[in-house]
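The values are calculated or read from the model by the stated rules, or taken from the named source; none is laboratory data. Quick caveat: nothing in here was measured; it's all calculated off a predicted structure. As a convention, Cβ positions derive from the backbone with ideal geometry for all residues, glycine included, and neighbour counts pool all protein chains shown.
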Amino acid sequence: MSTKRVPAWAISLGVLGLAAGIFVLVYGDWGRWESDGATQSTNDAYVKADVTAVSTKASGILADLRVADYEHVDRGQLIASIRDDDYQAQVDAARAALRAAQAALPELRHQEGAADSKIAQARAGVSAAEQQVAAAEAAVAAAEAAVRVSEAELSSAKAVIENATQESERQSALYAEKATTLQKLQGQTAQTSSAQAAFDARKIGVNAAGSQLAIRKAELDRARIAVESAHAEVSGAISGRGVLDAKTDEIRADIGARQAALDAAKISAGYTAIVAPVAGYVASRNILPGQLITPGATVVSLVQQAPWVQANFKETQLARVRPGDPAEIRVDMFPGRVWNGRVQALAPATGSQTALVVPDNATGNFTKIVQRIPVKVVPDQGQDLAALRPGMSAAVTIRPGKGN
């Protein structure tokens, strides 16, 4: 009985078909199968933590270093101190300068009080001088009235004496003609003499009233000059008060500047005490007691107590991974131990984009390589996080879509 042999061309065709099917399966849907997996794992992961280079703004000799390598420190704990004698001298000098500036204020306030009293006295002098002017003006008005009265009386006396003189002349003529008696002539002569005496008295009164008016006017001029002098004294007192105000502002500005200098000196002195900005472990001591430290120099390197894991997943694994997804962390140092955590964030770029030399795929031959994207995984609190040290190799497994 003979068997029918399969032609060689059919076998070749079947092999080619099988190869084509495998090719389509692998390159067509393999990435989907990988991204849709229930878990995503990678062993390209490392424990990390923030490392703080503790430094200072002060310069000087390191007097004391109070921590040892790998020692745990709390936040605010004194790590080291710099000799502060120079800084304390600066603080003392700034404080003394401030006190010297402040000492000038009490005397200046006393001068201000005296200046205010002088202004008040000068203003009172102005008021008194103005009252004297008013009184002098009233006296001048009274003297002018007296002059007018005296002049009126003088005019009346002049009219009387003129009438009396005329009557005396008439009586003399009548007596010469024997038309009147000697007694009437003598009587009229007596009246004329009396009128002349009254006229002379009124003339003297007018002169006296004129002299009194001149005196009152002179007093008025003096009173007005006194008012001007009093106003000038007020202006001078106010100007002197303004000078004191300017000096006060200057001293207060000087006090403010010296207070700022004292505060700056205290701040600079405070930099001589170097404290831990965060809790963590001392990774290394870079400067020892007795060495000269300069601003910005690292005294110790401090590893913070909040470790996290950088897991570098392939880009084909992260289609469904989101922040908050649960993760399991295993480190090579502790086989069998698992730390639970959660995805905190995915890097905004692949590792190749943040490398020192960024690849340029637009030149030369091209071979497609699956890129890796860093994922930050933070362990949950309440676990032995102190066992996780930066730099440890780790393996991370994420359960996509299981986050809260």
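Scan region 5-55 for residues that are at pLDDT 65 or above, touching a helix residue (DSSP H, G or I) at 6+ places or on another chain (Cβ under 6 Å) and assigned to a helix (DSSP H, G or I) and the total you get is 1. Summed over region 158-186, the residues that are surrounded by 13 or more Cβ atoms within 10 Å (Cβ to Cβ) and among the hydrophobic types (A, V, I, L, M, F, W, C) give a count of 5. Just one of the listed residues (171, 166, 131) is closer than 25 Å to residue 220 by Cβ, part of a helix (DSSP H, G or I) and not acidic (Asp, Glu), namely 131. Could you tell me whether any residue of region 92-101 is part of a helix (DSSP H, G or I), under 29 Å from the mean Cα position of the chain (by Cα), farther than 30 Å from residue 61 by Cβ and not basic (Lys, Arg)? So far as region 92-101 goes, yes, one or more of its residues are part of a helix (DSSP H, G or I), under 29 Å from the mean Cα position of the chain (by Cα), farther than 30 Å from residue 61 by Cβ and not basic (Lys, Arg). The residue pairs whose first member lies in region 96-115 and is without any contact (Cβ under 8 Å) to a residue 60 or more places away in the chain and more than 24 Å from residue 239 (Cα to Cα), whose second member is of a type in the set (S, T, N, Q) and part of a helix (DSSP H, G or I), and whose beta carbons are closer than 6 Å, counting only pairs six or more residues apart or on different chains, do not exist in this structure.
Within region 59-85, work out how many residues are assigned to a loop (DSSP other than H, G, I, E, B) and among the β-branched types (Val, Ile, Thr). Before you say what the answer is, go through the steps one by one.
Keep residues of region 59-85 that are assigned to a loop (DSSP other than H, G, I, E, B), which gives 59, 66-71, 74-77, 83-84.
Within this subset, residues satisfying the condition of being among the β-branched types (Val, Ile, Thr) are 67.
Residues meeting the conditions: 1.
Tell me whether region 39-51 contains one or more residues that are without any contact (Cβ under 8 Å) to a residue 60 or more places away in the chain and in the same structural domain as residue 342 (by TED's automatic domain parsing). Checked against the condition, which is being without any contact (Cβ under 8 Å) to a residue 60 or more places away in the chain and in the same structural domain as residue 342 (by TED's automatic domain parsing), region 39-51 yields no hits at all.
Any chance region 259-267 includes a residue that's closer than 30 Å to residue 303 by Cα and either surrounded by 13 or more Cβ atoms within 10 Å (Cβ to Cβ) or not polar (S, T, N, Q) (or both)?
So the first thing to find is which residues in region 259-267 are closer than 30 Å to residue 303 by Cα, and the list is 266-267.
The next check asks that each one be either surrounded by 13 or more Cβ atoms within 10 Å (Cβ to Cβ) or not polar (S, T, N, Q) (or both); those that pass are 266-267.
For region 259-267, residues closer than 30 Å to residue 303 by Cα and either surrounded by 13 or more Cβ atoms within 10 Å (Cβ to Cβ) or not polar (S, T, N, Q) (or both): present.
If the condition is being more than 27 Å from the chain's Cα centre (by Cα), exposed (fewer than 14 other Cβ atoms within 10 Å of the Cβ) and of a type in the set (Asp, Glu), then region 222-252 contributes only 228.
Checked against (1) within 28 Å of residue 217 (Cα to Cα); (2) among the β-branched types (Val, Ile, Thr); (3) surrounded by 15 or more Cβ atoms within 10 Å (Cβ to Cβ), residue 189 passes all but a single condition, namely (1). The test for being surrounded by fewer than 19 Cβ atoms within 10 Å (Cβ to Cβ), within 17 Å of residue 40 (Cα to Cα) and charged (D, E, K, R) holds for residue 320. Taking region 115-130 as the range and being surrounded by 14 or more Cβ atoms within 10 Å (Cβ to Cβ) and within 16 Å of residue 245 (Cα to Cα) as the test, the residues that pass are 115, 118, 119.
Can you tell me which residues in region 287-298 are surrounded by 15 or more Cβ atoms within 10 Å (Cβ to Cβ) and within 10 Å of residue 55 (Cα to Cα)? Spell out how you get there, then give the answer.
Going through region 287-298, the residues surrounded by 15 or more Cβ atoms within 10 Å (Cβ to Cβ) turn out to be 287, 293, 297-298.
Once the filter is applied, which keeps residues that are surrounded by 15 or more Cβ atoms within 10 Å (Cβ to Cβ) and within 10 Å of residue 55 (Cα to Cα), region 287-298 yields 293, 297, 298.
For residue 331, the conditions (1) in contact (Cβ under 8 Å) with a residue 60 or more places away in the chain; (2) surrounded by fewer than 11 Cβ atoms within 10 Å (Cβ to Cβ); (3) on the phi < 0 side of the Ramachandran plot are fulfilled apart from (2). Of all residue pairs spaced 6 or more apart or on separate chains, those with beta-carbon atoms under 6 Å, a first member in region 227-256 that is assigned by TED's automatic domain parsing to the domain that holds residue 98 and a second member that is among the charged types (D, E, K, R) are 227/130; 234/123; 237/118; 244/112. Considered as a group, the residues in region 299-351 that are under 18 Å from residue 49 (Cα atoms) and not in a strand (DSSP E or B) include one that is modelled with the lowest pLDDT, and that residue is 305. Here residue 377 does not fit the description of being more than 21 Å from residue 40 (Cβ to Cβ) and part of a strand (DSSP E or B).
So if I check each of 194, 150, 155, which one is surrounded by 16 or more Cβ atoms within 10 Å (Cβ to Cβ), under 29 Å from residue 208 (Cα atoms) and out of contact with any Ser or Thr (no Cβ under 9 Å at 6 or more places or on another chain)?
On the way: 194 fails: surrounded by 16 or more Cβ atoms within 10 Å (Cβ to Cβ); 155 fails: surrounded by 16 or more Cβ atoms within 10 Å (Cβ to Cβ).
When all the criteria are applied, what remains is 150.
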